[in-house]
Amino acid sequence: MLIFEHSRPGRRNYSQSPAAAEIVGIPQNLMRKVPPLLPEVSEMDAVRHYTRLSQKNFSIDTQFYPLGSCTMKYNPRACNSLAMLPQFLARHPRAPESTGQGFLACMYELQEILKDVTGMAGVCLTPMAGAQGELIGIAMIRAYHESRGDSARTEIIVPDAAHGTNPATAVMCGYKVVEIATDKEGDVDMEALKAAVGPQTAGLMLTNPSTLGVFEKNVAEMSKLVHEAGGLLYYDGANLNAILGKVKPGDMGFDVIHINLHKTFSTPHGGGGPGSAPVGVAPRLLPFMPVPVVGSDNGMYRWLTEKDIPQTIGRLSAHMGNAGVLLRAYVYVRLLGAEGMHRVAEFAALNANYLMAEMSKAGFEIAYPTRRASHEFIVTLKELKEKTGITAMNVAKRLLDKGYHAPTIYFPLLVPECMLIEPAETESRETLDAFVAAMKEIMEEAHNQPELVKNAPHTTPVRRLDDVKAARELDLTWKQV
Amino acid sequence: MPFIPHTQEDVQTMLASIGANSIDNLFDEIPPALKSGGLKGVPPGLSEMEISRLMLERAETDGRYLNFIGAGAYEHHIPAAVWQIATRGEFYSSYTPYQAEASQGTLQLLYEYQTIMASLTGMDVSNASMYDGASALAEAALMAVRSHKSSRRILIPSTVHPVYRSVVRAIVRNQGIDVVELPYCKASGQTLAEALDEFGKEEFAALVIPQPNFFGVLEEVDTLTDWAHSKNALAIGVVNPMALAILTPPGEWGEKGADVAVGEGQPLGIPLSSGGPYFGFMACKQALVRQMPGRIIGRTTDQDGRSGFVLTLQAREQHIRRSKATSNICTNQGLMVTAATIYLALMGPEGLRRTAAQSHANTLSLLEKLETLKGVKRLFNGSLFHEIVVSLPAPAGEIMHALESRGILGGLDLEGYYPELGHAMLVCATETKTSEDLDKYAGQLRGVLENS
Ligand SMILES: Cc1ncc(COP(=O)(O)O)c(C=O)c1O
């Protein structure tokens, strides 16, 4: 039932609204005639309705959620409650800096910690998600070339395994996208890269470890190639979790990076955000950093603005981005400390390589069997599909019946019937073993009871939903009948 | 080891299964020359007790003030149930609803959200959120350019929030899109039709129409919308959703209604929290739905004919269309929309209307009290919602500073943004302010002015 179907005309929450005040001086043509369609329900109705809805979700707090590329790890509760202290919540974004020294201290220290972790010269905290970090990063690359009068650079190179936000971002920054292939081992095809690089190259966007779950071994050579041609290197930090404290993007030769705090730094993904994706820059891009950035003058923290960074690419949010998410990340990094950060990568790698080994022993085909898994790896169900007609989608849906969120499926697009599996470091061995057992069961079902798998899921609040109908007969809002 | 469950025995068993000697071995594909020397800038880990102490101390350093600043972020009462439910693990710790059958809670909630936002703005459809109001406006500008055949220019009144204008410029700049600013009327604080006449012969993809505008003043939205349509440009409303409880929704402006409505969703149950996370909203006419960026939820049926919800029209999005997508946006502000939907359900139409009306009344009442002070007066005569520009007898920055030491954040100093206004501030008194609060403000301001 929808909240609107619980609605009764005239039902109200008296404790949630002020006395009726008069509206003065607003001309009639500017006044609303018909009230908006908001439900009229009691407080308890609303609480029950949304509590029940929540129970229809899978989540990290309730299920194993090995969604590749998304780093679904435990979101410590302390991060939430400490970011929601009343003074932090009440602080107005335009309140003077003198009234926010406690908050700004956290932001400044987070900036400094992220600089160290990424090996970059400067960090700006404001981007509100990975894709916005990318937009800012590529805009800085563009500003850099323009500042040198280098206007012939019109292309951004993107590997075919890259996330969709990479090519979409390059286009939003006015660039043409040149896609390059992947070799058999899962690395960027160096010959293709050599052929693509030239005086028209503005930059290369690279995810390392890549979305194929492997570390790009040739990254130093790639960096040399692109830099020699006058291009810059962008690092998509979605997979930083796999190398946290082990390798710094700055040491790999990247000029500008983003990191998804809602992945590596464990801020919640909230059913689709908010994210937060600080960008880090090498020295030559410092003059173009977006604003505001937190600065410190003799122990007093303040916002650096257009005045401090006159060549800035500008502002990308109305205030300073997702402050509350940044506070959660700050608490998380302080809880981990330097040692804890090293362990994130170590145990993410241990879990991924163990799960890959166990899956392989259980008979699943690993897409890049000769490689180490980074913090994720790919299983391809191509053979299963050929033999039984069961697809990666079917297996994903059947996993839901067994109480597991499905891995990422059909991404990256170049591996057929792929499942990108990422067990984050916070999962125990028992959970991984149970997942392998569930996958084995599904494999047996696929051969013995294929209809059971094809028609999955069976135990979720709804069964397989009709996507085609949803797009054809668009129903995007509820209408009173 | 924080948040890592492995025992020594687990580690040994797992390494044996992998066939590796040590955890270090697992990183053997990384060229040794790239390996980092360590993390010297990261302090040692703290226990939860220690970090709690630190954060409490920092929060206390910041203290709490009686706040009269608005300027795009508004202090409203938030029912306790909103965040208690929004931070339930099932909402808080789930990902984007890619597996629809395992995400019906989030998906149904978003469908309810889309329904409410479409109705609140008077539009046909809404997406499931953008990052914030400023970036939503930039995306609306891009949408207008995509749907317009020949123009790559956008007209923006200078009564639009100055930072929104900066954000729009920063986001559209690299696509060869021009942003042209319109002057405002010094007397009313509105964008006048005369200002538009100057552009009578030129082509534009869109006209942006703020309601209320940055000065808190209500624009003549009907005239502006009709002007845009007469020029074959889209009308983009940038609106405060709280104001729409009492003001004409963009979908009903002028003859045909605005085409797109965007804005900052923060007033709907989101704490001020130093500026974020908030959420941007975007709603539009049906004809433009395929140009819309961001996630959209649709209702459909399952195998057994039961009603259910899915992400739909994904062929607009980056994960399908890559370089041809309508936007690069992927992660949006889901949890904020979760909170906003619960907020809207708890307030209902009457609760929202009263909150808006009381905020309007409090601001007028504050103005009356402030205007009894010498040298303090309202700057614009246009009608207003819940914010107002007031001119002061001394530099606003100095007065704000003096008020701060008296526990009051008096408003936003406008001198940096609109130097032509002289000593001026933008003030807002929402429903959270009592008449004692308003008296206190007026009393303290009097004290400050007398001492200066
Ligand atoms: C590899 C990769 N790059 C970029 C992104 C985009 O990040 P966001 O969703 O935060 O915009 C993602 C996440 O979805 C990703 O997995």
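Nothing in this text is a laboratory measurement; each read-out follows from the coordinates by a stated rule. Treat the numbers as computed from the prediction; the structure is a model and nothing was measured. Here Cβ is always computed from backbone atoms with ideal geometry, including for glycine, and neighbour counts include all displayed protein chains.
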If all Cα-Cα distances of the range A:353-481 are sorted into 5 Å bins from 0 onward, what percent lands in each bin, rounded to whole numbers? 2, 10, 19, 21, 19, 12, 7, 5, 3, 1, 1, 0
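Only helices at least 24 Å long along their own axis, judged from Cα atoms, and with Kyte-Doolittle mean hydropathy of 1.0 or greater: name those in chain A from DSSP H.
none
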Give me, ordered by chain and number, the residues 5 or more places off B:HIS423 or on other chains with an amide H under 5 Å from its own placed amide H. B:LEU392
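As a test of the formula, what do you get for chain A when each DSSP H run with n ≥ 4 contributes -39,500 (n - 2.57) and the sum is divided by the residue count, at 222 nm and rounded to the nearest 500 deg cm²/dmol? If you can, show how the numbers build up before the last one.
Details: 14 runs with 172 residues, N = 481.
-11000 deg cm²/dmol, from helical runs alone.
Roughly how crowded by other chains is peptide A:131-137, in terms of the mean Cβ count from those chains within 10 Å of each of its Cβ atoms?
Numbers: counts 8, 7, 0, 2, 7, 2, 0.
Mean number of neighbouring Cβ atoms from other chains: 4.
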Cα Rg, Dmax, chain A, angstrom units: 24.9, 76
Nearest 10, in degrees from 0 to 90: the angle of helix B:435-451 to the longest Cα principal axis of chain B is 70 degrees
Only four residue types carry charge here, +1 at the Cβ of Lys and Arg and -1 at the Cβ of Asp and Glu. Report the dipole size of the range A:10-65 about the Cα centre in Debye, rounded to the nearest 20. 180 debye
Which of the lysines could be linked to B:LYS201 by a straight reach, that is with a Cα gap under 19 Å, when you skip same-chain ones fewer than 8 residues away? B:LYS149, B:LYS231
Over the Cα atoms of the range A:152-276, how large are the radius of gyration and the largest Cα-Cα distance (Dmax), in Å? 14.3, 43
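Quick check on the exposure proxy: order B:SER126, A:SER360, B:SER391 from fewest to most C-beta atoms within 10 angstrom.
Numbers: B:SER126 29, A:SER360 14, B:SER391 17.
Starting with the residue having the fewest Cβ neighbours, the order is A:SER360, B:SER391, B:SER126.
Dipole of the range B:80-343, Cα-centred, from +1 at each Lys and Arg C-beta and -1 at each Asp and Glu C-beta, to the nearest 20 debye? Working shown, then result.
Values: 21 positive and 24 negative charges, 178 e Å.
Roughly 860 debye, rounded to the nearest 20.
How many percent of DSSP beta bridges within the range B:184-343 run antiparallel, rounded to 5?
Numbers: 10 of 19 bridges.
Rounded to the nearest five, the antiparallel share is 55 percent.
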In degrees rounded to 10, the 0-90 angle between helix B:162-172 Cα long axis and the longest Cα principal axis of chain B is 50 degrees
About the Cα centre of chain B, how large is the charge dipole given +1 on each Lys and Arg Cβ and -1 on each Asp and Glu Cβ? Please answer in debye to the nearest 20. 760 debye
Would you mind listing how long the range B:79-190 runs along its three principal axes, going by Cα atoms, in whole Å with the largest first? 49, 36, 26
Helix B:104-121 sits off the longest principal axis of the Cα atoms of chain B, rounded to the nearest 10 on a 0 to 90 degree scale, by 10 degrees
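Give the calculated FRET efficiency between B:ASP304 and A:LYS382 to the nearest 0.05, with a Förster radius of 41 Å applied to their Cβ-Cβ distance.
Working: r = 31 Å, r/R0 = 0.75.
The pair B:ASP304/A:LYS382 has a calculated efficiency of 0.85.
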Of the options B:SER323, B:SER166, B:PRO97, report the single residue whose Cα projects farthest towards the positive end of the charge dipole of the range B:80-343 (beta-carbon charges: Lys, Arg +1; Asp, Glu -1). B:SER323
Tell me which trypsin sites (Lys or Arg not before Pro) from the range A:275-324 have a DSSP coil assignment and no more than 15 other beta carbons within 10 Å of their own. A:LYS307
Simple spin-label estimate for A:SER360/B:GLU371, 7 Å along Cα→Cβ, in nm, reads 7.9 nm
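I'd like the antiparallel share, as a percent to the nearest 5, of DSSP beta bridges with both residues in chain A.
Values: 21 of 39 bridges.
Counting only bridges with both partners in chain A, antiparallel ones make up about 55 percent.
Work the Kirkwood hydrodynamic radius out for the range A:65-177: mean of 1/r over every pair of different alpha-carbon atoms, inverted, in Å.
Details: mean 1/r = 0.0570 Å⁻¹.
Radius from the Kirkwood sum: 17.6 Å.
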Mind listing the phi-derived Karplus ³J(HN,Hα) values for the range B:173-180, rounded to whole Hz, using 6.51, -1.76 and 1.60 with θ = phi - 60°, and x for any glycine or proline? 3, 6, 9, x, 9, 8, 10, 10
Counting only residues 5 or more places away or on other chains, whose amide H sits under 5 Å from the amide H of A:ASP61 once H atoms are built in the peptide plane? B:SER93
Report ³J(HN,Hα) in whole Hz for each residue of the range A:245-260, in order, from the Karplus equation J = 6.51 cos²θ - 1.76 cosθ + 1.60 where θ = phi - 60°; Gly and Pro get x. x, 9, 9, 9, x, x, 6, 7, x, 6, 8, 8, 9, 10, 10, 8
Can you list the residues, at least 5 places off or on another chain, whose amide H is less than 5 Å from the amide H of A:HIS262, using H built in the peptide plane? A:THR267, A:SER276
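Counting DSSP beta bridges with both partners in the range A:79-336, what percentage is antiparallel, nearest 5?
On the way: 12 of 29 bridges.
In the range A:79-336, approximately 40 percent of DSSP beta bridges are antiparallel ones.
Determine the calculated [θ] at 222 nm for chain B from helices alone, applying -39500 (n - 2.57) to every DSSP H run no shorter than 4 residues and normalising by the residue count; nearest 500 deg cm²/dmol.
Values: 13 runs with 163 residues, N = 452.
-11500 deg cm²/dmol, from helical runs alone.
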Sorted from largest down, what three extents in whole angstroms do the Cα atoms of the range A:79-336 have along their principal axes? 56, 38, 30
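How long are the three semi-axes of the equivalent ellipsoid of the range B:112-269, in whole Å, if each is the root of 5 times an eigenvalue of the C-alpha gyration tensor, listed from largest down? It would help to have the intermediate numbers written out before the result.
Values: eigenvalues 93, 64, 48 Å².
That gives 22, 18, 15 Å for the three semi-axes.
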Rg and Dmax in Å for the range A:3-56, alpha carbons only: what are they? 15.2, 47
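Which order, highest average first, do B:148-154, A:275-281 follow once you tally other Cβ atoms within 10 Å for each residue and take the mean per peptide? List each step's numbers first, then the result.
Working: B:148-154: 16.1, A:275-281: 29.9.
The packing order, highest mean first, is A:275-281, B:148-154.
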So what's the gap between the Cα centers of the range A:322-357 and the range A:3-68, to the nearest angstrom? 36 Å
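Taking every pair of Cα atoms in the protein assembly as shown, average 1/r, invert it to obtain the Kirkwood radius, and report Rg/Rh to two decimals. Walk me through the numbers before you get to the answer.
Working: Rg = 27.1 Å, Rh = 28.2 Å.
Result: Rg/Rh = 0.96.
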Mean shadow area of chain B, taken as a quarter of the surface of its Cα convex hull (nm²): 28.8 nm²
What list of ³J(HN,Hα) couplings, whole Hz, do you get for the range B:137-142 from phi and the Karplus terms 6.51, -1.76, 1.60, once you set θ to phi - 60° and write x for glycine and proline? 5, 4, 5, 5, 5, 5
Cα-Cα separations in the range B:80-343 greater than 23 Å, expressed as whole percent: 50 percent
